[in-house]
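Engineer: Below is the structure I would like to discuss, written out as structure tokens.
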Amino acid sequence: MNQFSQNTSQLNLFLVCGLGSLGQQCVDALGRFGVNVNAVELIKPTSWEVPNLDTVLAALVIGDCRQPQILEQAGIKDCRTVLLVTSNERVNIETAFACRLLNPSVRLVVRSAKQNLNELLENHLGNFVAFEPTQLSASTFALAGLGEEVLGFFNLEQQQIRVIRQQILPEHSSYHRQLFELNSRTRRVLDRNTANESSTSTPSQSFQSFYNWEPDDRLNAGDALTCIEIVDAATLLSELTAQLSAPQKTWKENVQSLLGQNLKQNLLKAWQWLGANQSRRVAAICGAIATTLVFLSVILFGLNYPGINPLDAFFTTAILLLGGYGDLFNQVPFSTPIPWWLRIFALGVTLTGIALVGVLYGLLNERILSARFQFLSRRPPVPLKDHIVLIGIGRVGHKVATYLQELKQPLVGISNTDLDPGELPQMPLVVGNINTSLSKANIATARSIIAVTDDEMVNLEAGLMSHAVNPDCDLVIRTFEQRFSDNLAQLLPYADVLCADAISAEAFAAAAFGENVLSLFRLDRQIILVTEYQIEEGDTLNGRILAEVAYGYGVVPILLQEKQNQARLMPSDYQRLNVGDRLIVMATTDGLRRIEAGAIARRCWRVRIEKSPNKESAFEGANAIARISGCSITKARETMAQLPVTFSISLYKHQAKRLIRELGKLQFSALIIENDFQKTS
């Protein structure tokens, strides 16, 4: 948080150690906050991934960032925050200790995937936070694969929160309602695109700010509405009910389907299933031989002994197959004449049966020895259609798969190597060469393809192959260089090309100012950060009501926890922030920058109030004015005593219109007036 009591030079100086891809993106992100940035790099870069980055840097020091003299040369003693983002975790941790010795109060933002060590260092070093870039970007890749319906997903206070975009249809319950009516204790409107805007604007142009919509406008068919909502039990139950309400086939219908027109297809699938495993083929051959011998033996015994019962003939054959030749032919001489050829045939049946029993024992032993591993590694079948294909199950892919499973999305993974039996056990998996495994993942009927291997060329190749087979699917490609990402995005307009380091750098930059970044996602190609604030003395948020925070800084408050009180989701605009409160907001980088600098937007609107209907209405009207505007109750009552009057305190547009609606409920006549200075501001 911005504390004005701090020294100005320390407030604006940041140090980035490591100018790889992530480091350069962090410098660029910090530069947009208008602060001074120094950097340390072991070898001077010959080229910059981010254009004109050298002009953003105030100073570049060449040397080992672990050396105290190098850190002192880079201005460590005057720094507010040090970002340690080299590709070597050991170097980052060593540098963190050196920085803490040289500057006990500096904030440390470290790139590290060692979660346990990070927690220990946070307790010992203090003012320390660590991120793993692959973990930060995973949710963005997962959500990009969902298309435009679910844009964000995170958990707060054991409640699921999601950001969704919905195309309005005439049959929707929200159709033709005013936008302010859609706000509730579990939902907030973030953005609204009209049908014309949705059809003509590009994704990068459509979203401008969270409050760029008129509260009194009505929704029409074709409009795109973006909201944040709490996924309560009722919502989850309705979604589950919708899934379960799909018509289920009866067993008769399943049998008819099996024996009907799909018989040839089912036989082909059965043949492929047998051919996929050697043990299955051996068992099938043994079963076919035993069945043939049973039928042949029953026929031969029936022809030579016309009086024999078919059931007796069957059991006689079974005895022979189980090695019972001596039990049947131990009478010498025989009471009943037996043809010599039938005795030889019976001997052959017995020998064959012994061999088959031996094979059966072998297969059973094999199955018993491997039963534990097969049980653990058994995975669901590959979905047939409308699923997401995840290419690459590394650290990012594993996290992406976890997010998608939390969202109950049909999914299949493709990996070069098999996973451990207990790793993502509920995810269907295709193991093998990625290029040859696409067809096994039913790529032609997939809804989305997410390519997140550690090789961006493999991601590009797999993405292009998938698009050639299924041009209608959503395509997400992971890259590692911003310049390559920008070029690829222009050449492949149908693909969502995401640079992992560019996404993660936004969180590193926000954390550099002391904020706790809980989650991030994209809204029309803008990074949205879910950020936690602890209100302190001298903060730019202290003493403000949430309406001022929301409309003045352009952020969305989604959780407020006052001192010693329970946290509340979707808090009211009337709540005032005080020291010790905990606030979680959803904001763009620009919104966080405005909070950091205290650059609150100007209030440009006033409310003109006419004569009061009665004294009781005047009393309630004064309460509404004080509650919505944040002024004192004395000021509100003085205003009501001077009617008709223009309220002297300027408001934000959404504030002013809410006040007019509240006064209208009390039968006041009120209107919104534009301040004279707005046109020149």
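The values are calculated or read from the model by the stated rules, or taken from the named source; none is laboratory data. Computed from a predicted structure; not experimentally measured. Every residue, glycine as well, gets a Cβ built from its backbone with ideal geometry; the counts of neighbours run over all protein chains shown. Remember, those area values only see protein heavy atoms, side chains included, never the ligands or the DNA or RNA. Shrake-Rupley method; radii C 1.70, N 1.55, O 1.52, S 1.80 Å.
Engineer: Given the options L577, L643, L592, L651, name the one that is crowded, with 18+ Cβ neighbours inside 10 Å, of a type in the set (A, V, I, L, M) and farther than 29 Å from N516 by Cα.
Structural biologist: On the way: L577 fails: farther than 29 Å from N516 by Cα; L643 fails: crowded, with 18+ Cβ neighbours inside 10 Å; L592 fails: farther than 29 Å from N516 by Cα.
Answer to the selection: L651.
Engineer: Looking only at helices (runs of 4 or more DSSP H) that lie completely in the range 17-112, which have at least 3 residues being touching an Asp or Glu at 6+ places or on another chain (Cβ under 7 Å) and closer than 14 Å to A509 by Cβ? Quick ask: steps written out before the conclusion?
Structural biologist: Numbers: elements: 21-31, 53-56, 68-73, 89-102.
Result: 21-31.
Table: residues versus (1) at pLDDT below 90; (2) of a type in the set (S, T, N, Q).
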site	(1), (2)
E616	yes, no
S629	no, yes
A636	no, no
D676	yes, no
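Engineer: Another question, if that's okay. Where residues in the range 541-556 are open to solvent by less than 10 Å² (accessible area, probe 1.4 Å) and not in a helix (DSSP H, G or I), which of them is nearest to A601 (Cα to Cα)? Lay out the reasoning, then the answer.
Structural biologist: We begin by selecting, within the range 541-556, every residue open to solvent by less than 10 Å² (accessible area, probe 1.4 Å); these are 541, 545-547, 549-550, 552-553, 555-556.
Within this subset, residues satisfying the condition of being not in a helix (DSSP H, G or I) are 541, 545, 555-556.
Details: L541: 13, I545: 14, V555: 12, V556: 15 Å.
Among those that are open to solvent by less than 10 Å² (accessible area, probe 1.4 Å) and not in a helix (DSSP H, G or I), it is V555.
Engineer: Looking at the structure I just gave you, is K635 of a type in the set (K, R), under 46 Å from the mean Cα position of the chain (by Cα) and closer than 29 Å to G554 by Cβ?
Structural biologist: No, not satisfied.
Engineer: How many of the residues in the range 558-593 are part of a loop (DSSP other than H, G, I, E, B) and in contact (Cβ under 8 Å) with a residue 60 or more places away in the chain? Write out each step before concluding.
Structural biologist: Of all residues in the range 558-593, those part of a loop (DSSP other than H, G, I, E, B) come to 562-567, 570-575, 577-581.
Narrowing the set further to residues that are in contact (Cβ under 8 Å) with a residue 60 or more places away in the chain leaves 567, 570, 573.
Within the range 558-593, residues that are part of a loop (DSSP other than H, G, I, E, B) and in contact (Cβ under 8 Å) with a residue 60 or more places away in the chain number 3.
Engineer: Within the range 477-518, how many residues turn out to be assigned to a loop (DSSP other than H, G, I, E, B), crowded, with 19+ Cβ neighbours inside 10 Å and at negative phi? So that I can check it myself, show each step before the final result.
Structural biologist: Of the range 477-518, the ones assigned to a loop (DSSP other than H, G, I, E, B) are 480-481, 492-494, 513-515.
Applying the additional criterion that residues be crowded, with 19+ Cβ neighbours inside 10 Å yields 513-515.
Going one step further and asking which of them are at negative phi, we end up with 513, 515.
Residues meeting the conditions: 2.
Engineer: What's the total number of residues in the range 364-390 that are modelled with pLDDT of 70 or more and assigned to a helix (DSSP H, G or I)? Give the steps one after another, and end with the answer.
Structural biologist: Narrowing the range 364-390 to residues modelled with pLDDT of 70 or more: 364-365, 378-390.
Now restrict to residues that are assigned to a helix (DSSP H, G or I): 364-365.
Within the range 364-390, residues that are modelled with pLDDT of 70 or more and assigned to a helix (DSSP H, G or I) number 2.
Engineer: Can you pull out the residues in the range 579-629 that are within 20 Å of L651 (Cβ to Cβ) and among the basic types (K, R)?
Structural biologist: Matches in the range 579-629: R594, R602, R603, R606, R608, R627.
Engineer: How many residues does the range 113-156 contain that are in a loop (DSSP other than H, G, I, E, B) and surrounded by 18 or more Cβ atoms within 10 Å (Cβ to Cβ)?
Structural biologist: Step one: filter the range 113-156 for residues in a loop (DSSP other than H, G, I, E, B), giving 113-114, 126-127, 132, 145-149.
Going one step further and asking which of them are surrounded by 18 or more Cβ atoms within 10 Å (Cβ to Cβ), we end up with 132, 145-146.
Number of matching residues: 3.
Engineer: Across the range 443-463, what is the number of residues that are under 18 Å from H387 (Cα atoms) and open to solvent by 30 Å² or more (accessible area, probe 1.4 Å)? Write out each step before concluding.
Structural biologist: We begin by selecting, within the range 443-463, every residue under 18 Å from H387 (Cα atoms); these are 443-452, 462-463.
Narrowing the set further to residues that are open to solvent by 30 Å² or more (accessible area, probe 1.4 Å) leaves 444-445, 447.
Of the residues in that region, 3 qualify.
Engineer: Which of the numbered conditions does K408 fail, given that it passes all the others? Conditions: (1) touching a helix residue (DSSP H, G or I) at 6+ places or on another chain (Cβ under 9 Å); (2) of a type in the set (K, R); (3) in a helix (DSSP H, G or I).
Structural biologist: (3)
Engineer: Can you pull out the residues in the range 391-405 that are crowded, with 20+ Cβ neighbours inside 10 Å and part of a loop (DSSP other than H, G, I, E, B)?
Structural biologist: G392, I393
Engineer: Which one is farthest from the chain's Cα centre (by Cα) among residues in the range 449-476 that are within 27 Å of S47 (Cβ to Cβ) and outside any helix (DSSP H, G or I)?
Structural biologist: Ranking the candidates gives D455 first.
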